[in-house]
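Laboratory data are not the source of any read-out in this text; all were calculated from the coordinates shown. No experiment lies behind these values; they were computed from the predicted model shown. Because the Cβ atoms are built from the backbone with ideal geometry, glycine has one as well, and the counts that use them run over all protein chains shown.
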Amino acid sequence: MKLKSVLLSLFFLSSFYISHAQLTQLVRGKVVDAATQFPLIGATVSFLEDGAVKNGAATDAQGNFRLENIPVGRQTFKVTYIGYESKVLNNIIITSAKEVVLNIELEENSQALTGVVISGEQRNGEVSNEMATVSARTFSVDETDRYAGSRGDPARMASNFAGVMGADDQRNDIVVRGNSPAGVIWQVDGVILQNPSHFAIPGTNGGPLSIINNKTLANSDFYTGAFPAEFGNSTAGVFDLKLRSGNNENYELSTQIGLFGLEAFAEGPLSKAKRSSFLFNYRYSTISIFQAMGIDVGTNSSPTYQDATFRLNFPQKNGAQLAFWGIGGLSHTKIVISEQDRPVLELYGQNDRDQDFASRVGILGATYAYPINKNTFWKTSLAVQRQEVIAHHERIYDRDSFFVVENGDSALRFDPKSVKLETIMKYKFAETKYSVSTQLYKKLKPGSVLKTGLMLDYYRMSFHDSLRRESHINYPISQIYDERWNVEEGSFLAQPYLQWKKDLNPRLSMNMGWHITYYSIGNAASLIEPRLGFRYKTSHNSQLNFGTGIHSQTQPNYLYFYAPEDTATGITTFYNDDLGLTKSFHLILGWNKMLSSNLRFKAETYYQYLWNIPVETLPSSFSMVNTGAGFSRFFPNKMVNNGTAYNYGVEVTLEKFFSNNYFFMITSSLFQSKYEGSNGVIYNTDFNGNYIVNALGTKEFPINKNAMFGVGTKLTTAGGRRYGLVDLDRTIAQEEIVWKDEQRNEFQSDPYFRSDLRLTYKLNRKNVTHEIAIDLVNLTDQENFLSFTYAPGTPDNYIITPQLGFLPAFYYKLDF
């Protein structure tokens, strides 16, 4: 520890001896038409300082530009081109170690060809997809790092936006406008990803850690409702991720070590002459190291994981691009309860058994993008991906226990040497998915753009699960196994779509679209999924937005093939292979207003109606709207698509873009989320917290021209978690919490509160950048309610599980 203190002191002291000469960096990139990706020749890219142009360049015949000698720090650029909306890029981080490569898309302004001009600018956060009119925003890599508590995770970052909240501090599942986290999808280049998280559970789209590394992302889009017709198989939200290409002129390296892993990153040219490039990132877990130092990460196990991302980019003739890319992750943990000598709460598993769990996910893809001419653009992606989840449980059915006196109190202790274990459950779920996504953009005339496409997915599924039936009378456990899944099946998903954007006049633009979904299991089809949106510019700095549409989603594949064996006949029957698609209608009205050049106000109100939700055939309070979060699979009874639900609310955002060395964002959401079970009773959904408020901001303090110290904070308060009355007999029989139908979700825990603090220090040296960051998550160690957990042997046979407590996360990054 003494050596570490000396080294850290020397590092910080070195900042006082660096040259006070201003370090600079090259900023370069490309400017293209947002619809057709065709290069814009002669566009002006300006470097702004205090609102004034300090440097500028025009794009060449390929749309490329170069700006030399841009000072390190956060800088602002403005891009203009005749006949297009100008674009202001705030918060572009310039460091001494890495060149900045900007790929800038400009939207055509058809009004420039008429006599009436309503001028406007695209700002930070405005979505790059011109087919989106409401409930959408672009996020950057900087935002995933800058927001306190985000930990570089796009999902945790998105929980700061209006209408979005985290479902569980232990995981990165997000609740969008009261919907199940399972309604959120992730996609890259038009290909929907299987769960991109470590320790993934079937039927969920989140986990404790994201496999996607933010350093490999370009600016990406996030949608929370009424999304354009190109997005399907989602009823709640969409992450439309874009992997960036590596530097095609110079080699750049980066390494990072922190609580969540040791990382290595490299990018550079494969051929400078052909301008091809590579990008590669690898991370390996370090949690076990920091657990040994006494840092509590919410589990007594030692989880291991590793992930990698790559992208190879090869420019082709006539401006075409061919890219090969991949994302993959491996994770494994073993929770060993049998070796404990005292009761210890395990947040990530059950407390009556040893659990061995592993998940693997990987995707390989190829994308070809071709700007055919200035009015036409074609893009096609091919991908294959596979996900496996493997688990093995051994229950403790006998061990010696005794009491000791500690500090005057009686405390329960166990003798680990006396433990008796037997395997009670094991399963392996695997899905392989083959995907094709093709898109064609056609600019019909100024202000009129057509986009059509097709997404095809073929699944090969292998689900195997067996449970040893327990005798509650005679131990040891019976040797009879119940087989719950034993299937090798295939299925096919097709999603064609068509969308059209039209500028009706200088103030008013319209988006229309049509999406179709067909899934071969149960011959489930949704042929009528219209989308419609309007944007009306009330002035040069404000606009009204409207969006509506019908959306649908398949059920988690493993649910279709649940087939518990009849103990009397030995016959297995699929319970739910005839389930159809869940459907959702979205209606949204919004208003955006630029209060000043760096201050934006945004408000939206929405209504959503969901139907065709699977509920149990027999009357009960169960509904699939309450699933999709947590570490447990779901074991359904026979279900039918008769359930309904509705969500409505209002959201407000006040956001100051980063300027004068600080930014802030305040978001507030008031909402209602209800559903109807098969018993005809209306209940609160599990995610109906009714309100959420976020306040976050960052202030940076320049130490000198090349060094900076930053302080960021986030405060969150939200309505408490919903719960009801535990059906104790059924809970003991099924070994998981089962709620009584009466008064389900009528009760609410105390309001959720969490405060996070982020401290950063960045030092630029010549061709090298050092960065240290400390994230203090749940700074006050607030004990927030999470859920009820089945715990045999306790007085009630269940316990109340809290959310994650205080967590100090940190990293050191070196770019060179």
* Asked: Assuming R0 = 30 Å, what is the FRET efficiency of E742 and Y609, from their Cβ-Cβ distance, to the nearest 0.05?
  -> 0.70
* Asked: Net charge near T554, counting Lys/Arg +1 and Asp/Glu -1 over other residues with Cβ under 15 Å of its Cβ?
  -> -4
* Relative packing of peptides 243-253, 202-212 - highest average C-beta neighbours within 10 Å first -> 202-212, 243-253
* Given the Cα-Cα distance of S462 and N704 and 0.36 nm per residue of separation, how much length would full extension add, in nm? -> 81.2 nm
* Asked: Based on the Cα gyration tensor of the range 418-458, what are the three equivalent ellipsoid semi-axes, each the root of five times an eigenvalue, rounded to whole Å and given largest first?
  -> 54, 12, 5
* Asked: Can you list the aspartates and glutamates whose alpha carbon is less than 15 Å from that of K417, not counting same-chain residues fewer than 8 positions off?
  -> E339, D341, D354, D398, D400
* Structure fact -> Extension length gain for I82 and I41 (0.36 nm per residue less Cα distance), in nm, is 13.7 nm
* To do: Could you list, in their original order, any pairs among K274/K766; K762/K813; K443/K502 whose Cα atoms are separated by more than 19 Å?
  => K274/K766
* How far apart, in nm, are the 7 Å Cα→Cβ label points at N91 and I774? -> 2.4
* Just order 774-787, 677-690 by mean Cβ neighbour count inside 10 Å, highest at the front, would you? => 677-690, 774-787
* Structure fact -> Short to long, in 10 Å steps from zero, the percent of alpha-carbon pairs of the range 138-237 per bin is 15, 53, 31, 1
* Structure fact -> Fraction of alpha-carbon pairs in the range 662-761 farther than 19 Å apart, rounded to whole percent, equals 61
* Have a look at the DSSP beta bridges in the chain and tell me what percent are antiparallel, nearest 5. => 95
* Percent of Cα-Cα distances greater than 22 Å, calculated over the range 183-295 -> 50
* Asked: Where does the Debye-calculated log10 I(q)/I(0) of the range 359-442 sit at q = 0.15, 0.18, 0.22 Å⁻¹, using only Cα point scatterers of equal weight, no solvent?
  -> -0.79, -0.89, -1.01
* Computed lengthening from T423 to S520, 0.36 nm per intervening residue step minus Cα-Cα distance -> 31.3 nm
* Asked: Remind me, relative contact order of the chain in percent, using alpha carbon pairs under 8 angstrom and six or more residues apart?
  -> 11
* Pull up the cross-link candidates among the lysines for K426, meaning alpha carbon to alpha carbon under 20 Å and not fewer than 8 places away within one chain. => K334
* To do: Would you please give the FRET efficiency between K317 and V404, computed as 1/(1 + (r/R0)^6) with r the Cβ-Cβ distance and R0 = 45 Å, to the nearest 0.05?
  => 0.05
* Place a label point 7 angstrom from the Cα of V681 along the Cα-to-Cβ direction, then list the residues of the range 715-729 whose backbone nitrogen is under 13 Å away. => 724-727
* Asked: Where does each of 505-513, 372-380, 269-277 land if you order them by average Cβ count within 10 Å, highest first?
  -> 505-513, 372-380, 269-277
* To do: Return the Rg/Rh value of the chain, two decimal places, where both radii are evaluated on C-alpha atoms and Rh is the Kirkwood radius.
  => 0.97
* Asked: Hey, quick one: spin label on T617, modelled 7 Å out along Cα-Cβ, who in the range 570-608 has an amide N within reach, i.e. under 13 Å?
  -> 573-579
* Local net charge near S96, Cβ-Cβ under 15 Å (Lys/Arg +1, Asp/Glu -1) -> +2
* To do: For an R0 of 30 angstrom, estimate the FRET efficiency from the Cβ-Cβ distance between R413 and Y481 and round to the nearest 0.05.
  => 0.35
